[in-house]
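Each reported figure results from applying straightforward, stated rules to the coordinates on display, with no laboratory input. Since the model is a prediction, treat every value here as computed from it, not as a measurement. Cβ placement follows ideal geometry from the backbone for every residue including glycine, while neighbour counts extend to all protein chains displayed.
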Amino acid sequence: MVRAERVHKRFGHVEVLKGIDLAVAPREVMCVIGPSGSGKSTFLRCINHLEKIDAGRLWVDGRLVGYREHGGKLHELKDREVAAQRREIGMVFQRFHLFPHMTALENVIEAPLRVKGVGKQEARARGTELLERVGLGDRVHNYPNQLSGGQQQRVAIARALAMEPKLMLFDEPTSALDPELVGEVLDVMRGLAADGMTMVVVTHEMGFAREVGDTLVFMDDGVVVESGSPRQVLTDPQHERTRAFLSKVL
Amino acid sequence: MAADTTTRSAPPEEIRAVPVRHPGRWVAAAVIAVLVAMFVHMLVTNPVFQWSFMFDNMFSAPVLRGARTTLVMTVLAMVIGVLLGVVLAVMRLSPNPVVSGAAWVYVWFFRAIPRIVLLFFVANLGALYATYDLGFPFDRQVMDLFGFTGDLRFLGLNGNQIFTGFTAGLIGLALSEGAYMAEIVRAGIQSVDPGQTEAASALGMSRSTAMRRIVLPQAMRVIIPPTGNETIAMLKDTSLLIAVPVTIELNFQLRAIGSRTFQIIPMAVASILWYAALASLLMIGQHFLEKRFSRGFGARETRAQRAAREAREVGSTH
């Protein structure tokens, strides 16, 4: 579903990604861990072209992200084409980024209405169904500031799901939450994984990574240091840097 | 156990303390009361005010027509100014340096020019060209180049007709307002969290949809209060239309009565009362607009939520 080959990304003179090679199979849940500044969030943002990569290649569902290869040359995609690619990829942010001037339901149906051109009746029915699925069937008419952090993040997940994406990206979805609210968000994500959604999850929740993840990737200083099954990486890390990191967080 | 017994016993006696006295407050109130009394006394006793004359004349037909012109001019100039401001603000934030530079020059120029000077200039544009044509740029030169004579113009407007009276005033005020509104709208757009645009584009929204549906509605919360100020300033600036001149406007009409009858003060007071009343009217409109665009930012319960809560409460009592 996702394939990265030697992906590089610079911000000015700072090289944030120094050659990332990764592959995510359909229905796979990949968790990415690593210290802050290791480039894991940047890599996630490259997958839906919120950041442009400087070198290497990145494919989602067999198509290059943000470019078209034609006659041995890369051509940048038009804004419209990039938007079309992003429709297939759902993204959940650390700070939710719900639209504050819209109710939970309006947040969820906005993109289906304006981007996909779904009819209002159908969008509302589907949106209500999605909000029920994340356990917020009684909160459809609440504005984001009337919801707890955990509820807001669940609305954000429903909003991403409303576009029926093939792939879901999670950027530290529980890092901004009070500890007692983390569980409700992870439960929703666990349900998604069980339904066979392909997911890339940048997280600090080692328990979730161990239990739900199919693969665990440890990134540090812009490179993938180690990847493998979560059990193996967490209990028997092969690299010194992985061991040092895990000893601090476990 | 001790905590249990205290919560079960009767609550302690309510505090009934002697309140602190504030003599300073009483003195200040007394001073203000005396000043107000003096002011009212002046209004009642000074014969120059000519109250009955003022009330008889401040609602005469030409004055009412002038008030209507002033209000219509204010609303039209603001509507055009706001639309112009949105376009200029979006241009100003464009990644294209020529587009953004053009918006900057516009704002710089029209903010630098006093409105009365601009109005006078616009009113005299008829002297610059007799007719203003719409057509292809440099049409005569291009036709010349290919050996033809003639032009490619499809609409000709008489300069002395458009740049006069109401239209000239409206053009001048709206162009000037566009510059101020551009800065207000830009501040509003920039006050919206960039995460909102990111979330919108992550959902596959185009730039223009994200601007229209996500960013601008949130920017409105920041844009409306200063726009209310601008509207009230515009109401007052319609009195500058004397520079065009537009004579069917409120201030001109009141002053005309004053100078015709030599009752300067009563008509000046009438002017004050009229503008205060019209400004209050606009402030009421602003209040409702602010309420509309603060959705999701207060703890206020919405209509749909109240209905849902009442339904729940009714359900639970049965």
- Task: May I have the extent of the alpha carbons of region B:58-102 along their three principal axes, as whole Å values ordered from largest to smallest?
- Result: 55, 12, 10
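Using just the Cα positions, wrap region B:5-96 in a convex hull and report its mean projected area in square nanometres, one decimal place. Before the final figure, lay out the partial values.
Details: hull surface 78.8 nm².
If you wrap the Cα atoms of region B:5-96 in a convex hull and average its projections, you get 19.7 nm².
What does the average come to when, for each residue of peptide B:192-202, you count the partner chain Cβ atoms lying within 10 Å of its Cβ?
Working: counts 1, 3, 1, 6, 5, 1, 6, 13, 7, 8, 19.
Averaged over the peptide's residues, the number is 6.
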- Provide a whole-number value for the mean count of partner chain Cβ atoms within 10 Å of the Cβ atoms in peptide B:47-59. 0
- Folded to 0 to 90 degrees: helix B:250-261 orientation relative to chain B principal axis, Cα: 80
- Read phi for every residue in region B:60-65 and hand back ³J(HN,Hα) as whole Hz from Karplus 6.51 cos²θ - 1.76 cosθ + 1.60, θ = phi - 60°, with x for Gly and Pro. 5, 3, x, 5, 4, 5
- Message: How big is the dipole moment of region B:112-230 about its Cα centre under a simple scheme where the beta carbon of each Lys and Arg is +1, that of each Asp and Glu is -1, and everything else is neutral? Debye, nearest 20, please.
- Response: 280
- Listed residues B:Val63, B:Val48, B:Val82, most fluctuating in chain B (Gaussian network, C-alpha, under 10 Å): B:Val48
- Cα gyration tensor category, rounded, prolate or oblate, for region A:37-114 with a/c compared to 1.5: oblate
- Note on the structure: Rounded to the nearest whole number, the per residue volume of the convex hull around the C-alpha atoms of the protein assembly as shown in Å³ is 321
- So, with points 7 Å from each Cα along the Cβ direction, the A:Glu180-B:Ala279 label distance in nm works out to 5.2
- Task: Between B:Arg153 and B:Arg212, with labels modelled 7 Å along Cα→Cβ, what's the label distance in nm to one decimal, could you check?
- Result: 3.5
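When Rg is the radius of gyration of the Cα atoms in chain B and Rh is its Kirkwood radius, what does Rg/Rh come to? Walk me through the numbers on the way to the answer.
Numbers: Rg = 29.5 Å, Rh = 25.6 Å.
A ratio of 1.15.
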- Query: Where is the GNM fluctuation largest for chain B (alpha-carbon springs, 10 angstrom cutoff): B:Gln263, B:Gln286, B:Gln196?
  - Reply: B:Gln196
- Query: Taking the Cα atoms of region B:176-234, what is the range of coordinates along each of the three principal axes, in descending order and whole Å?
  - Reply: 41, 17, 14
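Let me have the 222 nm mean residue ellipticity of chain A computed from DSSP H runs of 4+ only, each contributing -39500 (n - 2.57), with the sum over all residues rounded to the nearest 500. Mind showing how you got there, number by number?
On the way: 9 runs with 90 residues, N = 250.
The helix contribution divided over chain A gives -10500 deg cm²/dmol.
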- Take A:Arg63, project a point 7 Å from its Cα along the Cβ direction, then tell me which residues of region B:205-234 have their backbone nitrogen under 19 Å from it. B:205-207
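Among rounded, prolate and oblate, which fits chain A when a ≥ b ≥ c are the square roots of the eigenvalues of its C-alpha gyration tensor, a/c under 1.5 means rounded, and a/b larger than b/c means prolate?
Numbers: a/c = 1.98, a/b = 1.22, b/c = 1.62.
It is oblate, given that a/c is not under 1.5 and a/b is not larger than b/c.
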